[in-house]
C-alpha cells in the first residue's frame, strides 16, 4: 500500500520556510561565535597597531563588525565550548543570531534570568524588542518609585524668593527678561519656582533614560557607546557652564514689545 500523499498548501510551505529560516539563524549564531573565537585568537597574536589593518585586509571586516563578533563569542562562547555538541540543550543553544544580538544589551546574569522567564526562542524580532522595552520601562518605574520626593512648602518658597529678589534702583526701569512683564507680579515667583522644579524633574528623568541607553550600548557596541557618551558629556558641560553664568549680564534673550 502506497504512503498517503500530504497536500502541499501555502500554509505548509510557509511553515517549512520559517523552520528552515530559524535553523539557519541558529547556525549563524554558532558561526558567529566560532568567528569571534578565532578573531580573539588572532588579536592576541598580532602586535600593537596591526589589528585594524589585519581585519580589514585579511578577513574584510570593519573594526565594528569584528568587535561585535568577539563580543558574541565572549558572551555566548562558554555555552558553546569548542568541539562540543552544539545542540547541548541549554537555553542559549536555542537562540537565533538575531535574538542573541538583541540580548547583548543585558548583563550576563540578567540575560540568563530573562531567557529563563521568557520563551525567547519562539519570539520574533519585534516581539523580543517589545519584551526588552517593557522590561526597561518596568525597571525604570521601580527606580522612580524608590526615589524619595522632596516636599515643596509654598510659604518657604515665597519667603526665600522675596528675600532674594532685587528691586530696581530709583529712577531705573527693570529690564524684562524672557517674556516677563515689566509690571511686577508679587506672586510670579511661585509660578516660576514650580516651573523650575518641573524642568529639573524632566532633566532627571531624561538623564536616567540617557544612562540606561548608554549602559545597553556598552553591551552591544562599546565604540558607539563611547561616541554617544562624549556627545552627551559635551552637552552637559555646556549646560553646566550656562546655568552657572545665568542670567546673561548684558541684555535679555527676548523682550516683549
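Tabulated values for the structure
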| quantity | calculated |
| --- | --- |
| Test result for residue 197, under 30 Å from residue 69 (Cβ atoms) and modelled with pLDDT of 75 or more | no |
| Members of the stretch 47-69 found to be farther than 26 Å from residue 93 by Cα and either part of a helix (DSSP H, G or I) or modelled with pLDDT of 95 or more (or both), listed by number | 51, 52, 53, 54, 55, 56, 57, 58, 63 |
| Some residue of the stretch 178-189 being in a helix (DSSP H, G or I), surrounded by 12 or more Cβ atoms within 10 Å (Cβ to Cβ), touching a helix residue (DSSP H, G or I) at 6+ places or on another chain (Cβ under 8 Å) and modelled with pLDDT of 75 or more | no |
| Odd one out for residue 213 among (1) modelled with pLDDT of 70 or more; (2) part of a loop (DSSP other than H, G, I, E, B); (3) surrounded by 13 or more Cβ atoms within 10 Å (Cβ to Cβ) | (2) |
| Selection count where residues are exposed (fewer than 14 other Cβ atoms within 10 Å of the Cβ) and touching a residue at least 12 places away in the same chain (Cβ under 8 Å), scope the stretch 60-78 | 2 |
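The values are calculated or read from the model by the stated rules, or taken from the named source; none is laboratory data. Everything quoted here is computed from the prediction, not taken from an experiment. Every residue, glycine as well, gets a Cβ built from its backbone with ideal geometry; the counts of neighbours run over all protein chains shown.
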